[in-house]
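Report on the structure given below.
Readers should treat all values here as calculations from the given coordinates under stated rules, not as data from a laboratory. All values reported here derive from a predicted model rather than from experimental measurement. Backbone-built Cβ (ideal geometry, glycine too); neighbour counts: all protein chains shown.
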Amino acid sequence: MFPYSFLPEELKNCIVKSIHLNDTSQAFRASKSLERKILEYGPFPRRISKLNIGLLDSDYHAKTLDDLVFDIQMSNGEIEFEVSGHNVTLISKDKKIPLNVKGKTFWALLNNKIISLESCTISIPDSRTLDTRLVRRFVENLFQDNEFLSKADYLFRFHLDTNLELAKIILSRFHVTIRDLLALEIFYVPSKEKEANEFLEDLIKRPTLQDCYSIAWENRCSRWLPGASIFQAPGKLLCFPSGNWFRFMRVIQQVFFQENPTASDERFYLVNLHGHEILEDVHVNSQDYREMFDEERGCEELRDDSEEVALMREAVKELEKELETRQVNKELFIEKSSSCFYKGYYKKRFVNNEANYFITCSEEKDSSSYFENYFGEPRKYTFQCFVKYRTIKALDRTLQCELELD
């Protein structure tokens, strides 16, 4: 038997890669050099497709940081752990297998090992049983000094579901470049609306987002409306998922029926409402949209053979293709316009630009709802409103080309 320290580097690396998670804590205590090797080479995979981190609510009040329990899933749920400061449990085929490793060691391995991942989701919702001060301290520790996923340079899709206070901590210290989608579900009380808009204004300036293709902001404060700075966000698509019909209409009418002089011709804005449940005897038709886009609000319904509709249809088709390639459409529940039973086109002219609106509605039956037993079969609808601006200069160029062709 040869002592580990006498082995050549290649054999040392092979040994470290074969160390089981159960033996990690013991190996950590052997020497500092072995600890560094373990952090670099084992025992987690270096490349994973998905990483989901969720804070588990509990029936008891956590008194220390070690009492907080997180659910960690890797690569489509193929690998799952429950992690606290006290212990780590591997969940395999509905069985819980305790591992001989502490939570601190687990987080160190996770952050130092992964060099590539496609998608990361962090969910830390508000809880009535957990001390918010403890949760805040844990988040501050996890994201201090760029330690979270320290070896990863970029990821494609990042979802964050938490309150405003924790979102500010996480995103201000998140160093990984996001390429395809940043999806935010943020909760705060109405009195924090100004703070939320200031946070969003600062967020869209961060270097990690400058090459991000799409940003989605689902705000759980029913009274919130995005400020003017949101129109300067980077990327091709800015999406506002809505939790109900009221929010859906409110964002469209109070945000996108305005001038918005900083809106880019190159960007799409999308307001969508996924899975809105309506009973079968409630008829959804074009009249619902015509009331939203009526002449009193300065809107005009467009003919299918108009130049604006042709341009909008082609632009949406290109956008849908790109979203599908980047796998963003499924993440945001965006329905292809070709599968929608209703489509409508509208426009509104402003002083400096014009907004074109493409409205769709698609249906998905849901037989699992309890409403079915009492009110008949329910239906679920997805409503979408694509908005694209064109400056007056762009409109004048189009008009000039038409005159020259005539």
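So here's what we get for this one:
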read-out	value
Contour excess over end-to-end distance, with Cα ends at S116 and R46 and 0.36 nm allotted per residue	24.5 nm
Integer Hz, Karplus 6.51/-1.76/1.60 couplings in order for segment 291-307, x for Gly and Pro	5, 6, 10, 7, 5, 4, 8, x, 9, 9, 6, 9, 6, 4, 9, 7, 5
Relative packing of 237-243, 108-114, 133-139, which averages over residues the other C-beta atoms within 10 Å, highest first	237-243, 108-114, 133-139
Cβ crowding within 10 Å averaged over residues, with 116-122, 313-319, 382-388, 89-95 ranked highest first	382-388, 116-122, 313-319, 89-95
Amide H partners (placed H, <5 Å) of A183, local residues excluded	F158, H159, L160, A216
Straight-distance crosslink candidates among lysines, where the alpha carbon sits under 26 Å from K168 and sequence neighbours closer than 8 are dropped	K50, K63, K104, K113, K151, K192, K194, K205, K236
Full-stretch length increase - S229, S172 - with 0.36 nm per residue and alpha-carbon distance subtracted	18.7 nm
